[in-house]
Amino acid sequence: MINVRMLGAQTEADHWLEQGVLADLKGQDAMPILERALQKLRDSRAEMDRAYDQIGKLIEIERDNQAIPEHDTALERILKAHPPIERVSLTSTRFANIGAGTGVSINYGPIGANFKELLENLRGDLRILQIETDRTIDAFGNVLSAAQKGGFASIVLSGRAPLPERVMHSVDQTMVYVQFHNRACMTAIAADMQVYPKGLEWIPKPR
């Protein structure tokens, strides 16, 4: 659910940014719309903090408790066969520095060799996403004052401000992270199903 809230707020931020640019192009007061876009981006960033803390708690649980050996074996077997996936990056991505003509690349990396490494990878990638989102928020705030006099759209579309590239990169990497998180969940569920009912005896049986 944290991922859903994080992605939902990001999507709303994109929507209101687009509406703000359109309002500015029409000569309308875009400031309230753009302020709403910036707030939604901050909301998404707050959800990243919540997710980071939750993953930290999962890491502590994994460290302090003994897992069922059969589950560890099943999970590690699945992870070993899992191909590299796209991972979050500040540079090696579709929308990093694309305006400078540096080309397009994608950062592929391992999902993890075991549950501990999987959780650590999730948390590490989320930390990178937090940094990128902070940069996007700063870039947004630096040009927001232009909306008070009009001309926000011209600054953004002219490439004189880094905001468009930051927004594209932030959105892209948020989607990359959410997909990584989904893959991690599916992998753990697959391991659960392989060892069921071992360790899951507490689940009510169908009547």
Under the 7 Å Cα-to-Cβ spin-label approximation, residue 145 and residue 58 lie apart by a distance in nanometres of 4.2 nm
Within the under-14-Å Cβ sphere about residue 113, not counting residue 113, Lys/Arg +1 and Asp/Glu -1 give a net charge of -2
What the Cα atoms of the chain span along the principal axes, largest first and in whole Å, is 65, 42, 30
Expressed per residue, the solvent accessible area of the chain in Å² (1.4 Å probe) is about 57 Å²
Applying the gyration tensor rule to the Cα atoms of the range 109-192 (axes a ≥ b ≥ c; rounded if a/c under 1.5, else prolate if a/b exceeds b/c, else oblate), the class is prolate
Links exceeding 23 Å between C-alpha atoms in this model, out of 57/205; 26/149; 57/116, come to 57/205
One would report the Cα pair-distance distribution of the range 167-207, bin width 5 Å, in %, as 5, 19, 15, 14, 13, 10, 8, 7, 5, 2, 0
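The values are calculated or read from the model by the stated rules, or taken from the named source; none is laboratory data. Everything numeric here is computed off the predicted structure, so don't read it as measured data. For neighbour counting, all protein chains shown are included, and Cβ atoms are generated from backbone atoms with ideal geometry for every residue, glycine included. Areas reflect the complete protein model, heavy atoms only, side chains present, ligands, DNA and RNA absent. Shrake-Rupley method; radii C 1.70, N 1.55, O 1.52, S 1.80 Å.
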